[in-house]
1. If you stretched the chain out fully between E204 and E136, how much longer would it get, using 0.36 nm times the residue separation minus the C-alpha to C-alpha distance?
2. Quick one: if the Förster radius is 51 Å, what FRET efficiency do D220 and N55 give, using the C-beta to C-beta distance and rounding to 0.05?
3. If the reach is capped at under 26 angstrom between alpha carbons, list the lysines near K116, excluding any in the same chain fewer than eight residues apart.
4. Using 7 Å Cα-to-Cβ label points, what is the E271/S28 separation (nm, one decimal)?
5. Evaluate the charge dipole of segment 176-280 about its Cα centre and quote only its size in Debye, nearest 20, assuming +1 on the Cβ of each Lys and Arg and -1 on the Cβ of each Asp and Glu.
6. For a footprinting-style exposure proxy, rank D260, D47, D193 by other Cβ within 10 Å, fewest first.
7. Return the FRET efficiency for the residue pair T152, K116: r is the Cβ-Cβ distance, R0 is 25 Å, and the value is rounded to the nearest 0.05.
8. Mind counting lysine pairs for me in segment 176-280? Cα separation below 12 Å, and the two need to be 8 or more apart along the chain or on different chains.
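Bear in mind these aren't lab numbers, they're just calculated from the coordinates by the rules spelled out. It should be emphasised that the depicted structure is a prediction, and the values quoted were computed from it without experimental measurement. Positions of Cβ are generated from backbone atoms using ideal geometry, with glycine treated the same way; all protein chains shown enter the neighbour counts.
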Amino acid sequence: MKSLLFILILFVNVNLFGQQIFSISNKSNKIGLTNDNGKVIAKTEFDKITKAGSNEFVCKNGNLLSVILDNGKIIVPLKFTELRIDYCNNQELFPAKNEFGWTIFNRKGKTISKTKFENVSIPNTSNQIVVLINNEYRLLDNKGKVIQKQLTKKEVSKFSFSDECWESEFSLVDALQSGKTSKINDKYGYIKDGDTIVNPIYDELYLTASNYWIGRKDIDMGGFSKFKYYGIITKEGVELTKFEYGRISTLNNYAILYKDGLCGVYSIKEEKLIIPIIYTKIRFIE
């Protein structure tokens, strides 16, 4: 059993299996979430968001925390300042605390008990919950039913509790890897076995980990001034996008396109823009 403790500003960031999730930001620097289908999971109204547990996200706004699933369902509403993700009898539970005490939510977003507790602890490898109410320790099952009342502190001390905390920050991923390129007349292309795969017309050319190319074209503006524009090229040498982007970051089959201070996400596999270029910041959650 692993217990994750979140108090105000502690967050964990891990990879979500099955779909790519992106954090998105607006001009107010508020953060939201969208998936690789372009569906907004969380609106851009949070200060921080991180991935935790199996497919949950912890969202922070001010000093309040909430939990949502990767389909956008709210598990814990934005009313709590302290939050844990625990497991009891193989069931995921979410103890959350505000000024009224502790409340325990299940994955359906329902509270397992109407009682507000002074404290909540779920022992390691246990199918029981230890709660404190009116200075009395009690044992509950994962449905909130009272199993035993009036536990002594000595009985409580026999349980082993986890106090593990995970903390991490988002990192912007640039997964470009240098490909085998040929330089002709100060321009880059790709030639294989004597066949020209990518025409030598680019000022910079990189092969990504997913075997497509990122190219750069420099536009001479006169004098010493040049505009540098990036675009995406298939492994066969076909340009997928226009060369109008100031920067491109890639991960697997996705590319974040930057243009005029805004950004969006392009799907290489679908060969289309899946997140419009309307956000001030987008990051891969991995």
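1. The span from E204 to E136 would gain 17.6 nm if fully extended.
2. That pair, D220 with N55, gives E of 0.55.
3. K2, K60, K73, K79, K97, K108, K143, K145, K149, K153, K154, K158
4. In this crude spin-label approximation the distance works out to 4.0 nm.
5. Once rounded to the nearest 20, the dipole reads 180 debye.
6. D193, D260, D47
7. 0.65
8. 10
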